[in-house]
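S.K.: I have a structure here, written as structure tokens, and I will follow up with some questions on it.
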Amino acid sequence: ISDEHYNVKVFYTHAGCTLVALNPFQPIPDLYSLDVMKEYHCAPQPKEFKPHIFIVAEEAYRNVRGQLEPVNQSLVVSGESGAGKTWTSRCLMKYYATVAASSSVVKSQNTVERIERRVLDSNPIMEAFGNACTLRNNNSSRFGKYIQLQLDRCQLLVGASVQTYLLEKTRVACPPDNERNFHIFYQMMKGATDEQRKEWKMPRGQRFTWLPKSEKTLEEDCFHETVEAMVHLGINAERQRQIFRILAGILQLGNVNFSSSADESQLCNLDEQSKGIGSAELLCVPAEELQTCLRVRTLKAGKQSVLKPCPQAECSMRRDCLAKVIYAQLFEWLVTFINNSICADESMWCNFIGVLDVYGFECFHINNLEQLCINYANEKLQQHFVAHYLRAQQEEYVCLDLIEGSPVSVFSLLNEESRLNRVSDTKTFRTRLEKELCGNANISWDKFSKEPHFTVAHYAGKVNYQIQGMVEKNKDPVPPELISLLQKSDNPLLHQIFTDKETENPTNKGLSKVTVVSKFKNSLESLMRILHTTTPHYTRCIKPNPDCKPLTFQKEEVDMWRLTATGFFGKR
Ligand SMILES: Nc1ncnc2c1ncn2[C@@H]1O[C@H](COP(=O)(O)OP(=O)(O)OP(=O)(O)O)[C@@H](O)[C@H]1O
């Protein structure tokens, strides 16, 4: 496909009940200015104006009070990676923070903050910790999010709450080739003061295995903006210090390598000069215990425990697992903190407008559990869309039934396999899937393929899912020794996030016993329950060229744009 320059000056169009947004990949002067917001907000009939995201925003806003009974609204923003979902969500939040600004103020560290400011300040923090530069987008969200903007009786914004989905935590320890780790690490590397560098064991020029492409500078690498937002949200200096020490500890952990010892019954050798001591210091855990945890497995046999040295590959896996579990829990803590800081008291608000920014449908060369979950979420939303807008008979959703149904589905079989206390055999599992699910027309197998996989016919196309590693990913096991170690940390935050986890769940399901798909299915179901009680508005973002070039529109995309502009909305 050749690149062609099209002179596109219109970036929004209506396609039936959906607003389609074309990403210009360049700031367009005056497209989102305060004056433009006010114009749409004050217009007697905003719909008569040029198509714009503010029409959707204003319509939802007016809809809340439109009927006899107020109705909550949701704005569903979809599209592939880099299409502009995060941008659009931010735009919607800014719109309400402007047109629905209340006079409520909250106290934060001796300063008085307006609530809208706080709500907007949650964005840079979540993006610093949850976004990364990928091949498809320099600022790609590696999690899904649903933000509820809370309105009082006078329809003023008085608070908000955030729910996140499926953070891609593997990136912390295994950033994909030619991509980066989460922004926050680079922000620290670039923005630290000399004193901080010393404290974080991060001298200039230091190389970290887990920080590829650190020579590249992005506009997202803005450390002081993140810190400023933290201050506004009430994360005090001491807490910040604890957070950054944890992150620095993770980076040090990435530089720890293992080599096999000659005798298998002996511990693997620690390669790195500091032998993980730097990491232990920063995570405030005893160095020796860290070294043991990474290299020794405790096997329980009745009341007795047997210690077994781990082979090299397992040591590395344990190291990665430690980093992932710390990062994921830290992210969760941050989201809870943000919620406590921006959520209004229940008595203060009566309606909400929800903004849903979910990852679009994914189909890569190799797809695994992550893509299965993402595409499952897209199937759910598609079902919601069809049911709501096309008022179609609730046609049977064979594909959803295949993925999540009962008694047998891909998820149920995955869960069953994950609960068995043994290493899953890929070929056996594939045979089991085939035997149990062969009656469903939406699943197929390529008998001649070397890699065991299954193919699902989704509404948006067929996707091959690799079976290798899927069960392990679903189990997402965390060795209990690692959790015990972290509970001993003298870093109050690290200690807290791992101690709360274990005590809050008396059935002792702990961190590892709920499978990934069960957890995701539950959170998605509660999201769908909320969506069903609201009036939805769909916005579809389009990425007009794969290289994120400003104002460059490939023929194929422009044709699609023209088609949508004339009212056709296909299945893309
Ligand atoms: N309306 C717009 N005007 C100017 N630039 C935009 C607009 N929408 C998006 N962009 C640019 O495109 C980039 C990608 O957009 P964004 O990060 O919102 O994509 P996304 O759909 O959220 O992707 P991902 O799924 O990877 O998170 C942004 O960083 C921004 O530079």
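The values are calculated or read from the model by the stated rules, or taken from the named source; none is laboratory data. Because the structure is predicted, anything quoted here is derived from the model rather than measured. As a convention, Cβ positions derive from the backbone with ideal geometry for all residues, glycine included, and neighbour counts pool all protein chains shown.
S.K.: From the list PHE385, PHE352, PHE364, exactly one residue is in a helix (DSSP H, G or I), over 17 Å from the mean Cα position of the chain (by Cα) and aromatic (Phe, Trp, Tyr). Which is it?
M.R.: Only one candidate passes the filter, namely PHE385.
S.K.: Further question on the same structure: State all residues of segment 44-66 that are free of Cβ contacts under 8 Å to residues at least 12 places away in the same chain and surrounded by 14 or more Cβ atoms within 10 Å (Cβ to Cβ); if no residue qualifies, say none.
M.R.: Correct list: PHE49, GLY66.
S.K.: Another question, if that's okay. Of the conditions (1) away from the ligand (no atom under 14 Å from the Cβ); (2) surrounded by fewer than 22 Cβ atoms within 10 Å (Cβ to Cβ); (3) modelled with pLDDT of 95 or more, ASN110 satisfies every one except a single condition; which number is it?
M.R.: Condition not satisfied by ASN110: (3).
S.K.: Checking the condition touching a Ser or Thr at 6+ places or on another chain (Cβ under 6 Å), at pLDDT 95 or above and either closer than 25 Å to LEU531 by Cβ or not acidic (Asp, Glu) (or both), which residue from ASN131, ASN181, ASN123, ASN137 passes?
M.R.: ASN131
S.K.: Using the structure shown, decide if GLU69 is surrounded by fewer than 22 Cβ atoms within 10 Å (Cβ to Cβ), in contact (Cβ under 8 Å) with a residue 60 or more places away in the chain and in a loop (DSSP other than H, G, I, E, B).
M.R.: no
S.K.: Give me the pairs: first residue in segment 536-557 and part of a loop (DSSP other than H, G, I, E, B), second residue aliphatic (A, V, I, L, M), beta-carbon distance under 8 Å, and six or more apart or on different chains, which are they?
M.R.: As it stands, the answer is LYS543/ALA83; PRO544/VAL8; PRO544/LEU22; PRO544/VAL558; LEU551/VAL8; PHE553/VAL8; PHE553/LEU22; GLN554/ILE1, since those pairs meet every condition given.
S.K.: Is it true that some residue in segment 559-571 is at pLDDT below 95, surrounded by 13 or more Cβ atoms within 10 Å (Cβ to Cβ), of a type in the set (Gly, Ala, Ser) and over 24 Å from the mean Cα position of the chain (by Cα)?
M.R.: Within segment 559-571, one or more residues are at pLDDT below 95, surrounded by 13 or more Cβ atoms within 10 Å (Cβ to Cβ), of a type in the set (Gly, Ala, Ser) and over 24 Å from the mean Cα position of the chain (by Cα).
S.K.: VAL306 passes all but one of (1) loosely packed, with under 14 Cβ neighbours inside 10 Å; (2) in contact (Cβ under 8 Å) with a residue 60 or more places away in the chain; (3) not polar (S, T, N, Q); which number fails?
M.R.: (2)
S.K.: Give THR13, THR98 a once-over and let me know the one that is in contact with a helix residue (DSSP H, G or I) (Cβ under 6 Å, 6 or more places away or on another chain) and surrounded by fewer than 17 Cβ atoms within 10 Å (Cβ to Cβ).
M.R.: Just a single option satisfies the conditions, and that option is THR98.
S.K.: Could you list all residues from segment 180-220 that are outside any loop (DSSP other than H, G, I, E, B) and either under 18 Å from SER279 (Cβ atoms) or within 20 Å of the chain's Cα centre (by Cα) (or both)?
M.R.: PHE182, HIS183, ILE184, PHE185, TYR186, GLN187, MET188, MET189, GLN196, ARG197, LYS198, GLU199
S.K.: Restricting the search to segment 86-105, which residues are farther than 22 Å from ASP345 by Cα and either away from the ligand (no atom under 16 Å from the Cβ) or in contact with a Phe, Trp or Tyr (Cβ under 8 Å, 6 or more places away or on another chain) (or both)?
M.R.: CYS91, TYR95 - these are the residues of segment 86-105 that are farther than 22 Å from ASP345 by Cα and either away from the ligand (no atom under 16 Å from the Cβ) or in contact with a Phe, Trp or Tyr (Cβ under 8 Å, 6 or more places away or on another chain) (or both).
Every residue, every condition in (1) without any contact (Cβ under 8 Å) to a residue 24 or more places away in the chain; (2) closer than 18 Å to GLN329 by Cα, yes or no:
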| site | (1), (2) |
| --- | --- |
| PHE143 | no, yes |
| ASP152 | no, no |
| GLY159 | no, no |
| THR164 | no, yes |
| LYS169 | no, yes |
| ASP177 | yes, no |
| PHE182 | no, yes |
| MET189 | no, no |
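S.K.: Count, please, the residues in segment 74-85 that happen to be among the charged types (D, E, K, R) and away from the ligand (no atom under 16 Å from the Cβ).
M.R.: 0
S.K.: Out of PHE331, PHE411, which single residue is assigned to a helix (DSSP H, G or I), within 16 Å of the ligand (Cβ to nearest atom), in contact with a Phe, Trp or Tyr (Cβ under 9 Å, 6 or more places away or on another chain) and closer than 29 Å to LYS513 by Cβ?
M.R.: Going through PHE331, PHE411 in turn, the sole match is PHE331.
S.K.: If you don't mind, another one. Which of (1) modelled with pLDDT of 90 or more; (2) buried (at least 18 other Cβ atoms within 10 Å of the Cβ); (3) of a type in the set (A, V, I, L, M) does ALA457 not meet, given it meets every other one?
M.R.: Of (1) modelled with pLDDT of 90 or more; (2) buried (at least 18 other Cβ atoms within 10 Å of the Cβ); (3) of a type in the set (A, V, I, L, M), only one is false for ALA457: (2).
S.K.: For segment 124-147, what are the residues that are more than 9 Å from the ligand (Cβ to nearest atom) and surrounded by fewer than 19 Cβ atoms within 10 Å (Cβ to Cβ)?
M.R.: Matches in segment 124-147: LEU135 only.
S.K.: Something else about it: Within segment 26-37, can you find the residues that are surrounded by 15 or more Cβ atoms within 10 Å (Cβ to Cβ) and more than 16 Å from the ligand (Cβ to nearest atom)?
M.R.: none
S.K.: Checking GLN150 against (1) modelled with pLDDT under 95; (2) of a type outside the set (A, V, I, L, M); (3) surrounded by 18 or more Cβ atoms within 10 Å (Cβ to Cβ): exactly one of these is not met. Which one?
M.R.: (1)
S.K.: Could you give every pair whose Cβ atoms fall below 7 Å, whose first residue belongs to segment 124-137 and is within 19 Å of TRP210 (Cα to Cα) and without any contact (Cβ under 8 Å) to a residue 60 or more places away in the chain, and whose second residue is near the ligand (Cβ under 10 Å from one of its atoms) and among the aromatic types (Phe, Trp, Tyr), counting only separations of at least 6 or pairs across chains?
M.R.: No pair meets every condition.
S.K.: If I ask for residues that are modelled with pLDDT under 95 and within 16 Å of the ligand (Cβ to nearest atom), which ones from segment 38-63 would you list?
M.R.: Across segment 38-63, the qualifying residues are LYS50, PRO51.
S.K.: I would also like to ask the following. Can you tell me which residues in segment 221-255 are touching a Gly at 6+ places or on another chain (Cβ under 7 Å) and surrounded by fewer than 22 Cβ atoms within 10 Å (Cβ to Cβ)?
M.R.: PHE223, HIS224
S.K.: For segment 369-381, check the following and say yes or no: at least one residue is at pLDDT below 95, surrounded by fewer than 16 Cβ atoms within 10 Å (Cβ to Cβ), out of contact with any helix residue (DSSP H, G or I) (no Cβ under 7 Å at 6 or more places or on another chain) and not polar (S, T, N, Q).
M.R.: No, every residue in segment 369-381 fails to be at pLDDT below 95, surrounded by fewer than 16 Cβ atoms within 10 Å (Cβ to Cβ), out of contact with any helix residue (DSSP H, G or I) (no Cβ under 7 Å at 6 or more places or on another chain) and not polar (S, T, N, Q).
S.K.: For segment 420-430, check the following and say yes or no: at least one residue is among the polar types (S, T, N, Q), out of contact with any helix residue (DSSP H, G or I) (no Cβ under 9 Å at 6 or more places or on another chain) and outside any helix (DSSP H, G or I).
M.R.: yes
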